[in-house]
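Trainee: Take a look at this one; I'll ask things after.
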Amino acid sequence: MGVLIDGKALAAQLRGEIREQAENFRKQRGKDIGLAVILVGEDPASKVYVRNKIKACEEVGVKSFSYHLPAETTEQQLVSLIDELVASDNVHGILVQLPLPKHLNERAVLAHIPPAKDVDGFCAENVGNLAMNRTTIVACTPFGVMKMLEKYGIDPKGKNAVVLGRSNIVGKPMAMLLLNADATVTVCHSKTKNLKEICAAADILVVAIGRAKFVTADMVKEGAVVIDVGMDRDENGKLCGDVDFEHVKDKASYITPVPGGVGPMTITMLLYNTVIAATRS
């Protein structure tokens, strides 16, 4: 079996470092690093994510400002709240939990968060900076994946990297980060032909499509590094990833489990981004 990439252990180590940085910030500036989290409506998964983010803030000494707005909140009301938070010196990062209720224009709402406080790394300027390989705030999950590769001594330089999935949150920024790290990158999606062959040629395979156990052993090259970003349920309702872990683990040189792989890194990198935003403020 390949080496298991332990996201839980790495996240714990990074949170220790973040705690120290938050403490240093407090000593130097006389106030806490602040993260504002906005939830609109009653989406059950979103409520869990927000709860986890607030708990993570408490763990590392980052002050959280939590706003839970009713589902019928108007765009103007939401934007007014964001504008207030943008103006506050005590708020260094602003996060709007997605998805928003259908009547709200996600893109228009997020456009009100300035790049310096966009700790999700979703705004056009931060994404543009990433594409141009400039210093910027990077989307949390792909940033976490790069930290994992770094920690385990996996250098993407000159490697064939395949990213399965092209979402704005994971696939696209992941591809740009790997490209910036000198990998030769292929992005695959639902319209890709010869998917199996392309995946089977990858030295590094990052999977983020939201389909349980989609990547099977015949899609993975012997000795490949396999990063599973998926969070799904199998036919028995058990938590699993986009990769058929049991059958792929013996072919991979390194592989992330689900749970305990990429998942713990996402919120940790959100905290990391918040510290970066605060120190630049």
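Only the coordinates and a few stated rules stand behind these numbers; no lab work does. Quick caveat: nothing in here was measured; it's all calculated off a predicted structure. Here the Cβ is made from the backbone with ideal geometry for all residues, glycine too, and neighbour counts use every protein chain on show.
Trainee: May I ask you to sort ASP155, ASP6 by Cβ crowding, counting other Cβ atoms within 10 Å and putting the fewest first?
Mentor: The fewest-first ordering by Cβ neighbours comes to ASP155, ASP6.
Trainee: I need the shape label for the stretch 30-114. Rule: rounded when a/c is under 1.5, else prolate if a/b > b/c, else oblate, with a, b, c from the alpha carbon gyration tensor.
Mentor: Oblate shape, in that a/c is at least 1.5 and b/c is the bigger or equal ratio.
Trainee: With Rg and the Kirkwood Rh both taken from Cα atoms, where does Rg over Rh land for the chain?
Mentor: 0.97
Trainee: Can you tell me which of 10-20, 30-40, 266-276 comes out highest on packing, and rank the rest after it, using the mean Cβ neighbours within 10 Å?
Mentor: 266-276, 30-40, 10-20
Trainee: Relative contact order (percent) for the stretch 140-263, with alpha-carbon contacts under 8 angstrom and 6 or more residues of separation?
Mentor: Across the stretch 140-263, relative contact order equals 22 percent.
Trainee: Let me check I have the definition right: for the stretch 1-158, take the eigenvalues of the Cα gyration tensor, multiply each by 5, take square roots. What are those semi-axes in whole Å, largest first?
Mentor: Gyration-tensor ellipsoid for the stretch 1-158: 28, 20, 17 Å.
Trainee: To continue, here is another question. Quote the Stokes-Einstein diffusion coefficient, in whole µm² s⁻¹, for the stretch 132-180, based on the Kirkwood radius over alpha carbon pairs, a temperature of 10 °C and a viscosity of 1.306 mPa s.
Mentor: 141 µm²/s
Trainee: Ok, one more. May I ask you to list the aspartates and glutamates whose Cα is less than 20 Å away from that of LYS221, ignoring any residue fewer than eight positions away on the same chain?
Mentor: Reachable aspartates and glutamates: ASP155, GLU197, ASP203, ASP242, ASP244, GLU246, ASP250.
Trainee: Set the bar at 30 Å for Cα to Cα. Now go through LYS8/LYS63; LYS147/LYS249; LYS31/LYS172; LYS102/LYS196; LYS8/LYS191 and name every pair that lies beyond it.
Mentor: Over 30 Å apart, Cα to Cα: LYS31/LYS172; LYS102/LYS196; LYS8/LYS191.
Trainee: Here's another thing I want to ask about it. For helix 7-29, report the angle its Cα long axis makes with the longest principal axis of the Cα atoms of the chain; keep it between 0 and 90° and round to the nearest 10°.
Mentor: Helix 7-29 sits at roughly 30 degrees to that axis.
Trainee: As I understand it, the value is the acute angle between the Cα axis of helix 263-280 and the longest principal axis of the Cα atoms of the chain; what does it come to in degrees, rounded to 10?
Mentor: Helix 263-280 sits roughly 40 degrees off the main axis of the chain.
Trainee: For Cα pairs less than 8 Å apart in space and 6+ apart in sequence, what is the mean separation divided by the residue count of the stretch 226-269, i.e. the relative contact order in percent?
Mentor: About 42 percent, as a whole number.
Trainee: Here is a follow-up. Please state the relative contact order of the chain as a whole percent: Cα pairs under 8 Å, 6+ residues apart?
Mentor: This gives 22 percent for the chain.
Trainee: Cα atoms only: what Rg and Dmax, in Å, come out for the stretch 140-263?
Mentor: Here Rg and the maximum Cα pair distance are 13.0, 40 Å.
Trainee: Continuing with the same structure: With θ set to phi - 60°, apply the Karplus curve 6.51 cos²θ - 1.76 cosθ + 1.60 along the stretch 174-191 and write out the HN-Hα couplings as whole Hz, x wherever there is a Gly or Pro.
Mentor: With the stated coefficients, the stretch 174-191 comes to 4, 4, 5, 5, 5, 5, 5, 8, 6, 7, 8, 10, 10, 9, 10, 7, 5, 9 Hz.
Trainee: What ranking do 161-168, 107-114 get when scored by the average of other Cβ atoms within 10 Å per residue, highest first?
Mentor: Ranking, from highest mean packing down: 161-168, 107-114.
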